[in-house]
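For reference, the structure discussed in these notes is given below.
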Amino acid sequence: MYIFLWIVAIVLIVYAMVKFLKYRPLTPFMPYKYNFGKRRVTFRKVLDLLEKTNAKMIVETGTSRAGLKGAKGDGAATIVFGKWAKENGAFMHSVDISEDSVKGSQAEVDAQELNNHVTVHLSDSLLFLKNFKEKVDFLYLDSYDYSKDLEVQRLSQEHHLKEFMAIENQLHENTIVLIDDCRLPNGGKGKTVIAYMLKNDWKILIEAYQVLLVRKEFKF
Ligand SMILES: C[S@@+](CC[C@H](N)C(=O)[O-])C[C@H]1O[C@@H](n2cnc3c(N)ncnc32)[C@H](O)[C@@H]1O
């Protein structure tokens, strides 16, 4: 009987360790209390690649309207990658069409003292991306909210494709692209843009709740 209990305990401990290693939090980079849930795997990989590629320019569509409180809900990417930018001499632009979202995000950018490394822009993302003249090292697409409504799903998928096409000429051979909210009914935000990218020289590095893509010739 005791041997059986020991075996069960060991199996549970190994299971917990595997889970922890696979989904380990973003500590020490972000405090343990922020749980990035289903985005941890991809956020961690992006942080690793940002360092390896010596990224200097980050662009995000859809800003962290809830600040760090949205770590589990929306993702809080503006703050996570903005903090990385601050610690690594990089710069981040985050664009959002909603005044309220910009206000919420800006408040957290202020609170975290990221202003020298993060600018939150109030604009439609397509307009902003079309006019963006610098090369982008990391592109994060997370704007037009997805929903259960089939027409909203189609519009969201189309919008994310248009965003990619608007900035495509500013992406280089080692640009990293991350797309949020993909593991959702009917393919999520990324369905149409990922299909386009796969036909055009890109490959998937991680396919999870978020999808991480790089060029086929990506060196890192
Ligand atoms: C899910 S939130 C972004 C979350 C954020 N990336 C994070 O990690 O916390 C989506 C945001 O996209 C914005 N949005 C929707 N349509 C947009 C558009 N056409 N251009 C720019 N932003 C848009 C919404 O106002 C909303 O604030």
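The values are calculated or read from the model by the stated rules, or taken from the named source; none is laboratory data. Worth saying up front: this structure is predicted, and the values here are computed from it rather than measured. Methodologically, a virtual Cβ is constructed for each residue, glycine included, from the backbone with ideal geometry; neighbour enumeration extends over all protein chains shown. Note: areas computed on protein heavy atoms with side chains; ligands, DNA, RNA excluded. Shrake-Rupley method; radii C 1.70, N 1.55, O 1.52, S 1.80 Å.
Using just its DSSP H runs of length 4 or more, each adding -39500 (n - 2.57), the chain gives a mean residue ellipticity at 222 nm of -13000 deg cm²/dmol after division by all residues.
Here D149 and W6 are evaluated by their C-beta separation; at R0 = 41 Å the FRET efficiency comes out at 0.20. Give the lysines whose C-alpha is closer than 17 Å to that of K69, dropping any in the same chain fewer than 8 places away, or say none. The reachable lysines, counting only those whose Cα sits under 17 Å from K69, are K33, K38, K83, K103. Using alpha carbons only, the radius of gyration of the stretch 105-164 set against its Kirkwood radius gives Rg/Rh = 1.04.
Among the protein heavy atoms, those of K133 account for about 150 Å² of accessible surface (1.4 Å probe, every chain in place). Database remark: amide H of I206 closer than 5 angstrom to the amide H of L212 (H placed geometrically; neighbours at sequence offset of 5 or more, or on other chains; Pro and chain starts carry no H). Of the cross-linked pairs K72/K189; K45/K162; K135/K216; K52/K162, those separated by over 23 Å at the C-alpha level are K45/K162; K52/K162. Stokes-Einstein, applied to the Kirkwood radius of the stretch 20-95 over Cα pairs at a viscosity of 0.890 mPa s and 25 °C, places its translational diffusion at 195 µm² s⁻¹. Scanning the chain for DSSP H helices at least 20 Å long along the axis (C-alpha atoms) with a Kyte-Doolittle mean no lower than 1.0 picks out 2-22. Of all DSSP bridge pairs formed entirely within the chain, close to 30 percent run antiparallel. Its residue count N fixes a reference of 2.2 N^0.38 Å for the chain, and the Cα radius of gyration divided by that reference is 1.08.
Potential lengthening of the chain between E207 and S123 amounts to 27.3 nm, from the contour at 0.36 nm per residue minus the alpha-carbon distance. Which loop-located GluC sites (Glu not before Pro) does the stretch 139-220 contain, where loop means any DSSP state but H, G, I, E or B and the Cβ has at most 11 other Cβ atoms within 10 Å? Of the GluC sites (Glu not before Pro), the ones in loops of the stretch 139-220 whose Cβ has at most 11 other Cβ atoms within 10 Å are E217. Model label sites at M165 and D100, defined 7 Å from Cα along the beta-carbon direction, differ in position by 3.1 nm. Working note: Karplus 6.51/-1.76/1.60 with θ = phi - 60° gives the stretch 62-73 the couplings x, 9, 7, 4, 9, x, 6, 4, x, 3, 8, x Hz, where Gly and Pro are set to x.
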